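Undergrad: Take this structure, written in structure tokens, and hold onto it; I'll ask about it next.
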């Protein structure tokens, strides 16, 4: 890895990964309408908000999504078809990020990529932009992979953690080397991380040069590198879709963290100074919206409460929801399905989705 002063500004390409199923957000999130198409706070959808943040700092915005969502993505965001990379099947974020890097590098060999999940909530777009503008020059000049780390506020066991290493030094002294990644720790270990400091949540937001990232894919994820051979030969034009189809038939399904970042020695972290949530569960959304003793939040629908508080309610507006003498519940009514769960047990809704799949209730998933 080389150290250098900040380089001339490269063109930043934002790559929005819109491929997750969002099963822990059932029944609002479905295969046909996944979480990133939803609004969780009465404002724009999560995808629209992500695009708006990306447009603040990126010269180009791309979306990687499944074939079944491509038309809706283009209609909702206004992104041109040539900037939508359609995955032939789900292969997790490793192949998604790598195929995007190959495609963009063919057009702009010096491109710096900001890889963003489509379904995270970051209310302070200005602070997010500042972080991206700190990360991009470092990724370019030092030829490193930069990840965003968020200061933990609770002993969360559903997130991965980053152990912060020494400062990067030079003109990038506000960034740090990554000592190691820690996958979803047990509760006792998460409490130690919170008390002791030195650990950040891994937000799944990354910045790197396309060329640097592809070097690390070849070194640490050779199975993905080999699978992408057809895409490297035909990254654009009429043959590109067929090339991607062939690549995805061979590519392993791996998260980009596991495939590359956890193995690389070229990873830095930029500590975030903005609020972040992956709003991955009804519990995390309730925390985001301030649900607690005496405070219920209603996201749509006609709701009547009697001696009830601390609930999260999502209604479809067709029927009235009445809550009597209950608290700490997530009540999610989509018309064809109704979820009633203790808020702190709501992450287990994924088990319901598994049962629906096993019973071939495909219309509900």
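Throughout, read-outs are computed from the coordinates displayed, never taken from laboratory work. If you're wondering where the values come from, they're calculated on a predicted model, not measured in any experiment. With ideal geometry, Cβ positions are generated from the backbone for all residues, glycine too; neighbour counts draw on all protein chains shown.
Undergrad: Given the C-alpha centroids of the range 251-280 and the range 66-88, what is the distance between them in whole angstrom?
TA: Answer, in whole Å: 24.
Undergrad: Taking the 0 to 90 degree range and rounding to the nearest ten, how far is the long axis of helix 187-196 tilted relative to the main principal axis of the chain, both from C-alpha atoms?
TA: With both axes taken from Cα atoms, the answer is about 60 degrees.
Undergrad: Taking the chain as a Gaussian network, where each spring joins two C-alpha atoms under 10 Å apart, which residue of 318, 178, 256 fluctuates the most?
TA: Looking only at 318, 178, 256, the biggest GNM fluctuation is shown by 318.
Undergrad: Right, another one. At what distance in angstrom do the alpha carbon centres of the range 16-43 and the range 288-365 lie from each other?
TA: The range 16-43 and the range 288-365 have Cα centres separated by 15 Å.
Undergrad: Run lengths n ≥ 4 of DSSP H only: what is the helix-derived mean residue ellipticity at 222 nm for the chain, with -39500 (n - 2.57) per run over all residues, to the nearest 500?
TA: Value at 222 nm, helices only, nearest 500: -9000 deg cm²/dmol.
Undergrad: Running a GNM on the chain with Cα contacts under 10 Å, which residue among 72, 346, 284 ends up with the highest mean-square fluctuation?
TA: Taking springs between Cα atoms under 10 Å, the residue moving most is 72.
Undergrad: Another question, if that's okay. State, as an integer percentage, the relative contact order of the chain based on alpha-carbon contacts under 8 Å between residues 6 or more apart.
TA: 20
Undergrad: While we're looking at this one, here's another question. What order do you get for 307, 245 when you list them from fewest to most C-beta neighbours inside 10 Å?
TA: Neighbour counts put them in this order, fewest first: 307, 245.
Undergrad: To the nearest 10 degrees, how steeply does helix 125-141 sit against the main Cα axis of the chain, on a 0 to 90 scale?
TA: 30
Undergrad: Turning to a different aspect of this structure: Quickly work out the residue 345-to-residue 163 label distance, labels modelled 7 Å from Cα along the C-beta direction, and quote it in nm with one decimal.
TA: Each label point is offset 7 Å from its Cα along the Cβ direction, giving 3.6 nm.
Undergrad: Can you give the angle from 0 to 90° between the axis of helix 46-55 and the longest principal axis of the chain, with both taken from C-alpha atoms, to the nearest 10?
TA: So the inclination is approximately 30 degrees.
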